Every structure is written in structure tokens, then in C-alpha cells.
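Below is one structure, written out as C-alpha cells; comments come after it.
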Amino acid sequence: MVGSRWDDVEAARWPGDLAQRVYTSRLLGQDPDLVLHGGGNTSVKLRQRTVFGDEVDVLVVKGSGSDLGDIEEPGFARLELDHVARLAELDALSDTDMAEQLQVASVVAGGPAPSVEAILHAVLPHRFVDHTHADAVVTLTNTSRAAQVLGEIYGDEIVVVPYVMPGFELARTCAARVHEALRPGVIGMVLMNHGIFTFGDSARQSYERMIDLVSRAEEYLVRHRRAPVHGGAPASASISVSTRGERATLRAAVSAAAGGPVIMSGHVDPSAMAFIHRPDVATISQQGPVTPDHVIRTKPLPMLGRDVEVYASAYRRYFEQYRGRSEAELQALDPAPRVILDPTLGLCCVGRTAADAGIADDIYRHTMKVILGATELGGYQPITMAELFDMEYWELEQAKLNRRRSGAAAFAGEVALVTGAASGIGRACAEALLREGAAVAGLDVNPAVTDAFDGPAWLGLVGDITDDDALERALERTVERFGGLDMLVLNAGAFPPGAAIASTDVEMWRRLMAVNVEANVVLLREAHPLLQVAPRGGRVVVIGSKNVPAPGPGAAAYSASKAALTQLARVAALEWGPDGIRVNVIHPNAVFDTAIWSDEILADRARRYDLSVEEYRTNNLLRTEVTSADVARLCVAMCGPAFAKTTAAQVAIDGGNDRVV
């Protein structure tokens, strides 16, 4: 249930109308029952002095792309109020021309693009205006009795506007309705199948009117809700080994339909499974999103089950059926689903990035809530598929999508698992892969791995690679979170103190082989089915050592273990080439910013070569020091197109070693 978050003490820290506007905008944006992922918008009308000393009325409205939850003053566009309001008086205005005119009306160079609903904010005479897509209100407006119910709840306190697609026509329609129906006592406006506006003379008044109207809708839902229909959902359970491959295979099919790799998050929590297992799920889930804006993130409908080609064919028919509604020549979007409802795999949400998949998940969870609420009130009734098509192929939304595509990172949609990711080379590799757009799972025995990086594209996993169960769990959680595996970086390893063969401890030898060799055998074995269905082909990068071609005295165990790992990689390249999986090895040397190079070990190695520590650091042909970041850049290159036709390569990154040369 929503409630007022206004705090007198905190509000006092935001002096002035614009600061108050920022404060209450954040209050709205931080409540997911009101606003999701950049949705909603707010405004305030101010007086501003020009360089000529004239005072003009300015509409300060949320900029497109800003998020109310953390918006700051620069996130608002400033527009000449009269210019924007007069646009609503025109008989016709294309959306492209509307966007251009809003830019013309800007009084601040370089500010954000204004919200497409700026005209609507301008024609409302109140100083402060708030707009949200509150779940409770959208639930009511997506029912067959919406108009009657709104009348019962609000009486004459709101203006009701029939559904009109966002843009110029909506602004013009609302301007006409406001002119006809805005009277004393009206505190809000409900746009059918879209959202709710409130307005007031202060930021607090407009905000608290929003909370009041939404709360009344919530109370109505509680009072009038029928007994829900329950499904036979199984108890929530973690992804099992048996479904890991199924998820990766499904992701591969979705990626093929999308025209490139995607992230696919999986959720088997009780609320998702209860919805999926409802006996009427095939009906209630196949009617459309709760508000047209969501189609950009979720597609018109979720996919039931796993037949991606059937879903894609249905989407192509939908495009052909409605493409004639636009005067422009339209290019079909990819037909891949963004939301999948499967009885075993649960709620699967798809995006070009982990963040996009997370947004689809958040939106569909609210969609399920609204659908269930509307169903219990007598029936869920969203806008028509034709109207939905208009929104999905709206020229302004197409422009946004094209901008997002053009800025896609090299590894967008791909998934990497890096072992030993808490420090040194492993951490550097994880960071470099994240920077190139990959979603990355990092496995390390050090608990610090969980917080190594921030953001939805990072999954830090704690586990000992010599524990087979820990490796299984790591793969399971990676696939559950991201959908599959494209790149595997075998980095975790141990480097013991120097010891001559004559004094080698056999138990130490066995422990080292367990870490440096046997754990990687298990991980490669279990990862193979996932890499085999990677959309762009699987890639394995093995972090070897200069000690493979040029072992040093006192390092028999380490040299032998890395040689064995390199041989393992060579055999994997032989066996997995037909599967499109390439396996390459990096042989670093003298990378000293890693956990295995303690000050003591470094000093010991320097003494063995009769060098100072500084001389030992640059003891190569180029007299340069090799860092973890250097190795990471090579790792990224091996996973990228430059090495697309290379497998079984062993590449040194050591500054040049005379013993190897």
C-alpha cells in the first residue's frame, strides 16, 4: 500500500519551488507501486528572467530518460510555457514535429529532451503537476467497469479521459477535457489504461493528492476483490542441474530470434510460479500489458512455454496485420519474447543487457499484480492489439530504440564466468569484461568477491573450486541469473613457496594439482553443454604461465600443474572445435599485482636470480612491468572477434623472455 513519505525535517532541506519539486519527485519515484524505471513525470511552472531582463513563464518538466527516483535539477527540461501550451491549439502536429517544437521552446541550451507529455503539463493551469502509472489506478482502468468504478471512488474530484495514445493527440484531447471539466474541487485526472495526474499550488499538495487518490483506489480493490483463483504451483526451488541445460538452450533459441545474444534471468519464486500455474494463465496472460508504455520492454504478450519459433511467427503475423496503420514504412522489430512463462523454468525475463532483463522482470511482476487484481474485479481488459501496435511502432519510441542499439557494447547480451575473481588477474578480467558489456559471474573463495563490483551485470559467488558442489552451484546460479554461459576464464590458482624436487611435500603437490588442474577438469566438463549452445560460440581462456615453456628451479609443482592445465586446454580445443568452442591460453609472467605474489615470495624469487626486487619486476626483454590489466586486455581480445578463427593458441604476455624466445 502506498503512503505519504513526506517528512517535514527532510523537506526543509529543499528550499524553493524547484527544490521542492525535486524532493517530491523523488518521493514518487522511490515507490515502485507508483513509478517504474523512468516512468511518470512531474513539473512546476516558474518565472525566469532572460538576459534582457524580461521575465517569462517557464515550464520545468522532467526530461526524457531521467528517473524520478534520483532526479536532480539538471534532469528537468526548461521550456517557454506559452509556446508549449499553444501547441495544444493546433489542429494537427506530427510527433516528430512536436518533439522538434519542444526543443525550440527550450530556454536552456544543452538541457535534456522534454517529456512527450510536456504539452499536457503546460495546459493544466496548476503550478505543480504529478503523473504516475500507479498499480492500483491502472488496475481499475483495465476493467470493463472502469468508468463506473472511478465514479464510485472519486465522484467529481477527477476528470476522466478515454484512452488516447501518448503524444500530441493525447495532449490535445486532455486540453479539451480540462477546458470543459476543470472546476473547483477537481484535484486529479485519470487517463484510461495509462495513469493518473494530480495537481496543486505546492509540491506537497500535488504529491499528497496523488497519495490520497491512489490510496482510495487501493482501498477499493481490497473491499471488492473476489476470492482469487489458485493454481497448483510447486514450492519455490532453486534451479536444478537438470534444467541448467534447458535454460541455456532456451536462451540460445531466444537469442537466435533476437538476432544476437541476450540475457535471460530466471525466477521460480512462489508468486511467479503461482501465476504461471493458474488454470486460466493462457487467457489472462495473453491480453496485453497494463499500460502501453510497457510494450517497449515486454513485447505485446509473454511467451507461454518454450516454442520460440511459434511465438516469433505469431509476432510476425501481428506486424503484418497492423503495419498498414502507419503511413510510414515500418521495419519489423525482432520477434523474440521478452517475458516467458514456463511451468518448470518459471518467469524468464529477457533483455539485451542484465539491466534490461531486470526492468522486464520488474514490469512483469507489476503486470501480474494488476492482471490478478483486475481479474478478481470481474475481468482484465487492456487496450486493443491495434492500439498496442501503434505504441510499439510509434516513431518517437523507434528513435529511442535505434539510439540504444547504436550504442551497444561489444559483449552486450553475453555471459562470462571468471574464477579467482576477487583479486589480481581474475578481478581485472572481470572488470574488463563488464566494461565491454558482458554480464559476469565471479567465483572466488574470498567472500569479498560478492561486492567486487556493483550493478545488475555482476554476480559474485563464494566457493572453493576444489569443491565439485561449489562449482555446480556456481554454474547453476550463473545460468539462473543470466540464462547461459558464453565465456569461461580459468584463472583461479595457487602458487606455493619455492621448493626443490628433493624436498617437495607430496601433500602440497596434491593440493596444488587439485586447485590448478583437477578443479578445471570438473569445471570444463560441466560448462561444456552451456558453451556448446552459446549464441556466438563458446570461448574458454586459460590463464597459464611462463613456467610452461620455461620452468624455473624450485617451482616444480607449480610448473607441472600449469603444464598439465595447458595440455588440458589443448585437448579441449581438439575435442570442442567441432562445437564451435575455441580454447586459448595466456601465459603471463611476473604479474606482481596478484594475490599469489606476496612480498616474501617476490623477494625469494629475486634472490634466486641474484636480482633486486625492482630488477626482478622488469626482468624481460622490453624492461617493462606486466600488470593484471594487461592480461585482462588480452583476455578480452581472445573472447572477441580478433580471435574468432583462433583456437589452441598459447600467447605469452611477459615483456619478452629470453628463455622462451
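The values are calculated or read from the model by the stated rules, or taken from the named source; none is laboratory data. These numbers come from a predicted model, not from an experiment. Backbone-built Cβ (ideal geometry, glycine too); neighbour counts: all protein chains shown. For the accessible areas, the whole protein counts, side chains as well, though only heavy atoms, and no ligand, DNA or RNA atoms are used. Shrake-Rupley method; radii C 1.70, N 1.55, O 1.52, S 1.80 Å.
The alpha-carbon of K45 sits under 15 angstrom from the alpha-carbons of these aspartates and glutamates, leaving out residues fewer than 8 places away in its chain: D17, E55, D57, E73, E80, D82, E117, D130, D201. Listed by chain and number, the lysines whose alpha-carbon sits under 16 Å from that of K562, ignoring those within fewer than 8 places in the same chain, are K546. Working note: Karplus 6.51/-1.76/1.60 with θ = phi - 60° gives the range 624-640 the couplings 10, 9, 9, 10, 4, 4, 5, 5, 4, 4, 5, 4, 4, 4, 5, 7, x Hz, where Gly and Pro are set to x.
Taking every protein chain into account, the accessible area of the chain amounts to 41 square angstrom per residue (probe 1.4 Å).
At full extension, A637 and A12 could sit 219.7 nm farther apart than now, given 0.36 nm per residue minus the alpha carbon distance. Less than 5 angstrom separates the built amide H of D31 from none of the residues sequence-distant by 5 or more or on a different chain. About its Cα centre, the dipole of the range 418-565 is roughly 520 debye, where the only charges are +1 on Lys and Arg Cβ and -1 on Asp and Glu Cβ. Ranked by the mean number of other Cβ atoms within 10 Å of their residues, highest first, the peptides 289-295, 635-641 come out as 289-295, 635-641. Hey, quick one: spin label on Q30, modelled 7 Å out along Cα-Cβ, who in the range 69-107 has an amide N within reach, i.e. under 17 Å? Once the point is set 7 Å along Cα→Cβ of Q30, 69-73 turn out to lie under 17 Å by backbone N, inside the range 69-107. For the range 369-377, 3J(HN,Hα) computed residue by residue from phi via the Karplus equation (6.51, -1.76, 1.60; θ = phi - 60°) reads 4, 5, 4, 5, x, 5, 4, 6, 8 Hz, glycine and proline entered as x. The angle between the Cα long axis of helix 424-435 and the main principal axis of the chain comes to about 30°, on a 0 to 90 degree scale.
For G460, the residues whose modelled amide H falls within less than 5 Å of its own, excluding neighbours fewer than 5 places apart on the same chain, are G442. Within the chain, DSSP assigns beta bridges of which about 50% are antiparallel (rounded to the nearest 5). Of all lysines in the structure, the ones whose alpha carbon falls short of 27 Å from that of K299, not counting any fewer than 8 places away in one chain, are K62, K369, K400. In nm, to one decimal, how far is the D212 label point from the A314 one, both placed 7 Å along Cα→Cβ? Here the modelled spin labels are 4.4 nm apart. Taking θ as phi - 60° and the Karplus parameters 6.51, -1.76 and 1.60, the scalar couplings of the range 137-148 work out to 5, 5, 4, 5, 7, 9, 10, 5, 9, 4, 4, 5 Hz in sequence order, x denoting glycine and proline. In the chain, helices alone account for a calculated mean residue ellipticity at 222 nm of -13000 deg cm²/dmol, with every DSSP H run of four or more residues adding -39,500 (n - 2.57). Once the chain from H224 to Y609 is taken as fully extended at 0.36 nm per residue, the excess over their C-alpha distance is 130.3 nm. Counting only protein heavy atoms, what percent of the accessible surface of the chain is carbon or sulfur at a 1.4 Å probe? Taking all protein chains in place, the chain shows 52 percent carbon and sulfur surface.
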